[in-house]
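All remarks here apply to the structure that follows.
The values are calculated or read from the model by the stated rules, or taken from the named source; none is laboratory data. Fair warning: this is a prediction, and the values are worked out from it, not measured in the lab. Reconstructed Cβ throughout: ideal geometry from the backbone, glycine too, with neighbour counts over all protein chains shown. Calculation scope for accessible area: heavy atoms of the full protein, side chains included, ligands and nucleic acids excluded. Shrake-Rupley method; radii C 1.70, N 1.55, O 1.52, S 1.80 Å.
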Amino acid sequence: YIDIRDILFLNYINILSKVHNTMDFQFKSLITEKDHVGVVFCDSKNRLLGHAKKLDQISKKSISTVVNNDASFQKRKSKTFDYAIVHTPANLKLSKIYVFRLGDYSKFSVRDFQILGGHLYALISFYQEDKVGIYPDGILSKNINAINSCSEMMLGSLLASYKFDKYKTVNKKETKSLKIKIYSSNYSRIEKNYPNVVAVAEGVTMTRNLVTEPPNVMTPPEIAKNAASLEKYGVEIKILGEKEMTKLGMGSLLSVGRGSEYESKLAIMKWTGHKNKKKKPIAFVGKGVSFDTGGVSLKPANGMQEMKYDMGGSGVVVGLMKALALRKAKVNAIGVVGLVENHIGNMATRPSDVVTSYSGQTIEVLNTDAEGRLVLADALWYTQEQYKPEFMVNLATLTGAIVVALGNEYAGLFSNNDKLSKQLEEAGKIEDEKLWRFPLHDNFDKMINSPIADMQNIGTGHPGSITAAQFLQRFVNKTPWAHLDIAGTTWTKSLLPTSPKGSTAFGVKLLNRFVNKYYEGK
């Protein structure tokens, strides 16, 4: 018997398994098939749930006998999930059965079911099973219906199976298809909803890939190409280069990329899924600094390798637009990402330079490492001017100060609109991508006034995340707007149940839920 937490650890550090599984879900009625292993569930008191009870009867109580007499299973009760193994159960075609013991599943949330799916994937991968049948009936929660609970479990498994090893040439894992069949009385309805599950998983995967790629590969033009690849899913694409942005007067965004050999880009993705094609779109704007040296205000060497993650906001927007398009979301949505590399060089912007933004407002650049707000300033103004959206939500790995305030548990939320804030917070709670709202105030806004220009790009006081948000607010006019500072949540140094170390894609599930719950089809 091995504790599920040990399985998660062992599986991902590749001590025993040399196989990476890709997932293939199929859906069947309540039957058992040869050459499969089964996964069933019991409650905290070892009472079998759903179809497991019938299987137990057929097997002459061989399942319940193991569950109730396995000493190690009885002894080690985790607050989340434990399991027992029934080998060659009597009178069943199944070669083996894993019995997962759940906590108080009646209170399971969306996130609990995703975590369950992640743990199931870890278990199956650890034992290198390749043909698995899962019987989810009977896991009934007050918070989510049976169809959605199974869907969230599958999503958790898909997210947990993510692996990025394209650059490995030694000890690279063999890739094998893991066939999982969902046996349920609701199988046809679960199957019908499965494309939506895949859409979200694909969106998260795209974001993780974009953010994980090394910066010599994922340059601003390459991110733009990835955004343009969504055209095959029905997304309208527009890419602006430096020539077009210079003509428009986007001096704020362009100032950031002056020291780089790679051309800065603005990528616009438009999804028209609402029945009323002329309905105001909702808009998502992302910071895409493919690598951030800090520019002339050079960052310290320690930790600079993590600055490839500074395009996390743009990665989320591209992944979200893919998810919306794949599931054919009934909404009109705009995704805009400002793409630059903040490098040093003889053309790089200097501290004390003054630049003119697309809005016409002038900015004194006091610190070239406060560059993300310069990118977003022009991207936000362009979005609200060109598309007149119902609201704008921007995402950015914007400040180290937000990590000091919230660590890695919450992203910072700043907004000029209470309704929008509450909706985002609620969607974040459902997906466990949590937001914490910070204040905006005129007294904070005064901290970014410049003696020689309309504003400066850093504040004069200590509330760095707030003054950064105040800066952005000057570029949204009266459009309802929210800024998500995801600097502490974009990547993780710890293994999570549905995410390996590295890019988390924090924001894709949150915003997909937000769109679906509050705006789709309305």
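For D432 and K275, what does the FRET efficiency come to when R0 = 30 Å and r is the distance between their Cβ atoms, rounded to the nearest 0.05? After rounding, the FRET efficiency stands at 0.40. Extending 7 Å from Cα along the Cβ direction at D442 and again at V217 yields two label points whose distance is 5.2 nm.
The convex hull defined by the C-alpha atoms of segment 111-159 has an orientation-averaged projected area of 3.4 nm². Computed from the Cα positions only, the extents of segment 319-361 along the three principal axes stand at 46, 25, 11 Å, in decreasing order. Kindly express, to the nearest 10 degrees and within the range 0 to 90, the angle between helix 508-518's C-alpha long axis and the longest C-alpha principal axis of the chain. Value to nearest ten degrees: 90. Normalised per residue, the accessible area of the chain is 41 Å², obtained with a 1.4 Å probe and no contribution from ligands, DNA or RNA.
Sorting 479-486, 314-321, 354-361, 409-416 by their mean Cβ neighbour count within 10 Å, with the most densely packed peptide first, gives 314-321, 479-486, 409-416, 354-361.
One equal scatterer on each Cα of the chain, no solvent, Debye formula: the resulting log10 I(q)/I(0) at q = 0.09, 0.13 Å⁻¹ is -0.66, -1.18. The 1.4 Å probe gives accessible areas that order V235, V66, largest first, as V66, V235. Beyond 27 Å, how much of the Cα-Cα pair distribution for segment 93-247 remains, as a whole percent? Looking at segment 93-247, the distances longer than 27 Å represent 40 percent of pairs.
Rg over Rh for segment 310-453 works out to 0.97, using Cα positions for both radii and the Kirkwood form for Rh. Mean silhouette area of segment 223-279, derived from the convex hull of its C-alpha atoms and averaged over all directions, reads 5.0 nm². A P(r) calculated from all alpha carbon pairs of segment 223-318, with 10 Å bins opening at zero, reads 14, 39, 32, 12, 3, 0 percent. Computed on segment 156-256, with alpha-carbon pairs under 8 angstrom and 6+ residues apart, the relative contact order is 22 percent. Calculate what fraction, in whole %, of the accessible area of segment 408-522 sits on carbon and sulfur atoms when a 1.4 Å probe is rolled over the protein chains. Of the solvent-accessible surface of segment 408-522, carbon and sulfur hold 50 percent. Here the accessible area of segment 304-348 is 56 percent carbon and sulfur, with a 1.4 angstrom probe and all protein chains present. Between the Cα long axis of helix 464-473 and the first principal axis of the chain there is an angle of about 70°, rounded to the nearest 10.
Projected label points at E236 and K93, each 7 Å from Cα along the beta carbon direction, are separated by 5.2 nanometres. Both radii were evaluated on the Cα set of segment 405-503; the Rg over Rh quotient, with Rh as the Kirkwood radius, amounts to 1.04. When you restrict to C-alpha pairs under 8 Å that are six or more residues apart and normalise by the size of the chain, the relative contact order lands at 15 percent. Cα convex hull, segment 260-375: 110 Å³ per residue, rounded to a whole number. Across I334, I458, the residue with the most accessible area heads the list, and the full order at a 1.4 Å probe is I458, I334. For segment 49-170, a Kirkwood radius taken over Cα pairs fed into Stokes-Einstein (4 °C, viscosity 1.567 mPa s) yields D = 82 µm²/s.
Calculated [222 nm] ellipticity per residue, helices only, for the chain: -11000 deg cm²/dmol; basis is -39500 (n - 2.57) per DSSP H run with n ≥ 4, divided by all residues, nearest 500.
Angle of helix 372-387 to the longest C-alpha principal axis of the chain, folded into 0 to 90 degrees and rounded to 10: 90°. Each peptide in 125-138, 158-171 receives the mean, over its residues, of other Cβ atoms within 10 Å, and ordering these scores from highest gives 125-138, 158-171. The calculated FRET efficiency for the pair S188 and E306, based on their C-beta separation and a Förster distance of 56 Å, comes to about 0.75. Under 19 Å from a point 7 Å along the Cα-to-Cβ line of Q128: which residues of segment 174-217 have their amide N that close? Inside the label zone: 174-180.
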